[in-house]
Structures are given as structure tokens and as C-alpha cells.
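First up is the structure itself, then whatever we jot down about it.
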Amino acid sequence: MNRNLVLFPNDKTGDVLWEMQQTGDDLEQPREVEFSVLFPTQALAIWK
């Protein structure tokens, strides 16, 4: 199967999703995703 670069872009995320799809993973299954946002300073992190 050829990789559709619209669905699986040529980047780290696209690579992971492509590999998951190629190994038979059900990409429609809901998943919990943890992420962080880093700020250069605490002041910027709490700025309103």
C-alpha cells in the first residue's frame, strides 16, 4: 500500500500513525493522549 501523505504526513506524527496502520492498528479507536506545553518563563505560562 502506498502512503497517503495527506492522511500520514512526512513527519514524526505521520510516521507513527503510518506504522500503526501498517501493523493493523485500528486508528478509529479512541485514545487518551497526554501532552505538555512548555513556556520560557513562569510569567508567560500564567499570563492572561
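Labels on offer are (i) 72; (ii) 81; (iii) 133, and the one holding volume of the Cα convex hull per residue in Å³ computed from this structure is (iii). Of the GluC sites (Glu not before Pro) in region 12-48, the ones in a loop by DSSP (not H, G, I, E or B) with at most 16 other beta carbons within 10 Å are E28, E32, E34. When you filter the chymotrypsin sites (Phe, Trp or Tyr not before Pro) in the chain for DSSP loop state and at most 14 other Cβ atoms inside 10 Å of their Cβ, you are left with F35, W47. Between the listed residues F35, W47, N2, the Cα displaced farthest toward the positive end of the dipole of the chain, a dipole computed from Cβ unit charges relative to the Cα centre, is found at W47.
When +1 charges are put on Lys and Arg Cβ atoms and -1 charges on Asp and Glu Cβ atoms, the dipole computed for the chain relative to its Cα centre reaches about 320 debye. Taking the longest Cα principal axis of the chain as reference, the axis of helix 12-22 is set at about 30 degrees.
Read the figures in this text as sums done on the coordinates, not as results from a lab. Since this is a predicted model, take the numbers as computed values, not measurements. Positions of Cβ are generated from backbone atoms using ideal geometry, with glycine treated the same way; all protein chains shown enter the neighbour counts.
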